[in-house]
Amino acid sequence: MSTSPDHRELGMNRPIARRDFLNGIAIGVTAGMSVLSGARAQSATAEDDPPLRAGLRGNYPAAVAEFDPILQGKYAQSPVSNTGINEEYDLVIVGAGISGLSAAYLYRAALGDGAKILILDNHDDFGGHAKRNEFHYQGKTFIGFGGTMGISTPYPYSYCAKSLIRDLGVEVERNPKFINRDLEQKFGLAAGTFFDKEHFGEDRLVKGNPRLPQFFAKAPLSDAARKDLIRLHGKNVDYMPGMSTHDKRAALAKMSYQDFLLNFAKMSPDALPFFMGAGGRNNKRVDTTPALEAAEHGLVGFNGLGLELEQEFNESSYLFHFPDGNASIGRLLVGRLIPAALPEKQSMDTIVAARLAYDKLDDPNSTTRIRLSSPVVRVGHEGAPDRSQWVNIAYRNGGKTCGVRTRYCILACNNALISALMPEIPARQKEALAYPVKVPLVYTNVLLKKWTAFQKLGVARISAPCMYHPNTFLDPGSTVGGYAGVTTPEEPIIFHMTANPNKPGLPRKEQNRHGQQELLSTTFEQFELRIREQLARMLGSGGFDPAEDIAAITVNRWPYGYAYTYDTLADPDVPPEQRPHVIGRQRFGRVTIANSDAGAAAFTNQAIDEANRAVQELLLLQGLT
Ligand SMILES: Cc1cc2nc3c(=O)[nH]c(=O)nc-3n(C[C@H](O)[C@H](O)[C@H](O)COP(=O)(O)OP(=O)(O)OC[C@H]3O[C@@H](n4cnc5c(N)ncnc54)[C@H](O)[C@@H]3O)c2cc1C
């Protein structure tokens, strides 16, 4: 740990709850943190309750340590039978994310609770991207989301996905009753934008609506940039005069938003840093978002073009957010699959406070078992895939390679690993599986001891276009399931910060690869320093002291984040059935493929729909549909 005077001022030498885990074993614990009273918290420790582990989470190093050896073929040649197979299942599911858990739920719904199912996952917690972060501090529990947050989508949920969510006792229509959004109203807080000195000449936090002329008047911008930003955020002229609507759309689909702003809207390059954190769907940026998508997304510059833009799906009815995000969906699913882990049948009213018994997840007495910290390294049929009766699976656990055999298998893991797990699959399928590159992301939760600095500055959320975490906000939590949320500025609160590491200028997939590598090689200490510096610079004028005011930090790094989605700029326009994800997800013998990767869409409903397809394919194979 660095102890230079600057770093000491930022608090790098202060004891906080951070992750000091080696190979999943806690070697150092929180200082200044107390485990408290409260229904859930009484006996919980980071040892037996993974959500309590702070520091580096998400795809933390030990969880993904086997990915490179798998991809490099380390396990390809050794037969799984060498591992001494000593367990048999009806179904083994690789991956305990929303897709894997849903697959188990749907398989049991079709074939009954007697089916013997094993779910294997490489992390020490289930849920995949649906990750709960929990802090116990000063007698209270603070819950945050470490990954997927909202039950939302740009298009309506399928009947299957809707029914599953409803069967779990989640009624999204009750959303307004629970969401604690009055912080801004109650304290007169607004949005803020942080302009950094490296890109804008000085550090300055500007409060107010970043679309209005009075906002730009206060921002540190060159005259040209200010004039252009005011122009673009107002009523635009037609920046593509003389072109038909059809031709405009075709041209916009093939250029980036950045190229549109610079070359057609003639924006000064000085203004570009203001758009650095902005883009279209799936965390695309100004240089990777097709201009047409930016227009459909409601970004500025297009209202004089006379485009007839498609109405985006109104997602309000699905914008429900548990304090731990969709980890509650994962926990509800686990409760249905393994009742001993969550004894009472939980619903949206009880799940947040419910204590889950992790020691019951892999209980031999349960027909469904979840085995954590168990990366699967090889999957292969016994004999020819079309005639085989069994699939063998090798996985790592506690430093050993272990084996199980199963009648059927669903791969609900990252699809990019599948070719290496099953080298026998056809070359065309392998090529298709290699096409997408997952989007890297960081969801950081900082437990602040108080948020008086925010109150003083009058902001609840700060966008910082050119800082490491461009999107940041106070997360008071929803008032649901016995969780009260936060109300007064003297109370501790979670400050949520998100980042999308990339490398502007490169093609999108290259940027994703670059971001993945960056995340895989960044230490917790490096993250911590960036976080403290950013907080100090954004909030220092409000009296924020990074050395004093931070109680705990959890960085959820997701080098393997969102599923890859196609766009008109980066991907060839091919018929839907020829898309790589469709070719890649074909059944191979007794193995079917789920995960949101298989739907090329990074949404909860897609994870459920792909689970449903993978289950249906197995039922068809068994002659059961
Ligand atoms: C930061 C973030 C925020 C998001 N926010 C939202 C949101 O608000 N709303 C929304 O709808 N969607 C959101 N998403 C998209 C989210 O990915 C999906 O909603 C969904 O949770 C994906 O579930 P999944 O099961 O398909 O994949 P995952 O969640 O990735 O689960 C797959 C699991 O398989 C494991 N695995 C991989 N390889 C192996 C192996 N060899 N052996 C064993 N296990 C393996 C993985 O590590 C993982 O645990 C978000 C995603 C991220 C990363």
Rounded Å value of the spacing that divides the Cα centres of segment 546-621 and segment 353-379: 22 Å
Residues of segment 211-299: accessible area per residue with a 1.4 Å probe, Å²: 44 Å²
Gyration tensor verdict on segment 461-548 (Cα atoms; rounded if a/c is under 1.5, prolate if a/b is larger than b/c, oblate otherwise): prolate
Euclidean distance of C-alpha centroids, segment 189-218 and segment 464-535, integer Å: 19 Å
Cβ-Cβ FRET estimate between A434 and D167, R0 fixed at 41 Å, reported to 0.05: 0.70
P(r) tail fraction, segment 376-435 - alpha-carbon pairs more than 15 Å apart, %: 53 percent
Overall dimensions of segment 160-268 as given by Cα atoms, namely Rg and Dmax in Å: 21.1, 57
Inter-site label distance for Q214 and F187 at 7 Å from Cα along Cβ, in nm: 2.2 nm
Built amide H within the under 5 Å cut-off of R369, gap 5+: I117, L118, I119
At most 16 other Cβ within 10 Å, DSSP loop - trypsin sites (Lys or Arg not before Pro), segment 350-430: R355, R387
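What percent does the relative contact order of the chain come to when contacts are Cα pairs within less than 8 Å and at least six residues apart?
The normalised contact order for the chain reaches 23 percent.
Compute the accessible area per residue over segment 371-444, keeping the other protein chains in place, probe 1.4 Å, unit Å².
Per-residue value: 35 Å².
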Eligible aspartates and glutamates near K400 by straight Cα distance, threshold 18 Å, same-chain separation 8 or greater: E66, D68, E87, D121, D124, D362
Segment 55-185, relative contact order [Cα under 8 Å, separation at least 6], %: 19 percent
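Kindly provide the helix-only [θ] at 222 nm of the chain, computed as the sum of -39,500 (n - 2.57) over DSSP H runs of four or more divided by all residues, to the nearest 500 deg cm²/dmol?
On the way: 21 runs with 166 residues, N = 625.
For the chain, the value works out to -7000 deg cm²/dmol.
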HN-Hα J in Hz across segment 412-419 - Karplus 6.51, -1.76, 1.60, θ = phi - 60°, x for Gly and Pro: 9, 9, 3, 5, 5, 8, 4, 4
Solvent exposure, largest accessible area first (probe 1.4 Å, DNA, RNA and ligands not counted), of R211, R530: R211, R530
Whether the chain is rounded, prolate or oblate, judged on the alpha carbon gyration tensor where a/c under 1.5 counts as rounded: oblate
Whole-percent carbon and sulfur share, accessible surface of the chain, 1.4 Å: 51 percent
Extension gain from L624 to T523, taking 0.36 nm per residue of separation minus the Cα-Cα distance: 31.4 nm
Gain upon complete extension [A484, S347; 0.36 nm per residue less C-alpha separation]: 47.6 nm
Gyration tensor verdict on segment 545-604 (Cα atoms; rounded if a/c is under 1.5, prolate if a/b is larger than b/c, oblate otherwise): oblate
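The values are calculated or read from the model by the stated rules, or taken from the named source; none is laboratory data. Only a predicted model underlies this, so the values are computations on that prediction, with no experimental measurement involved. Cβ sites come from the backbone with ideal geometry, for glycine too, and all protein chains shown count toward neighbours. Just so you know, the surface numbers come from the protein's heavy atoms only, side chains and all, with ligands and any DNA or RNA stripped out. Shrake-Rupley method; radii C 1.70, N 1.55, O 1.52, S 1.80 Å.
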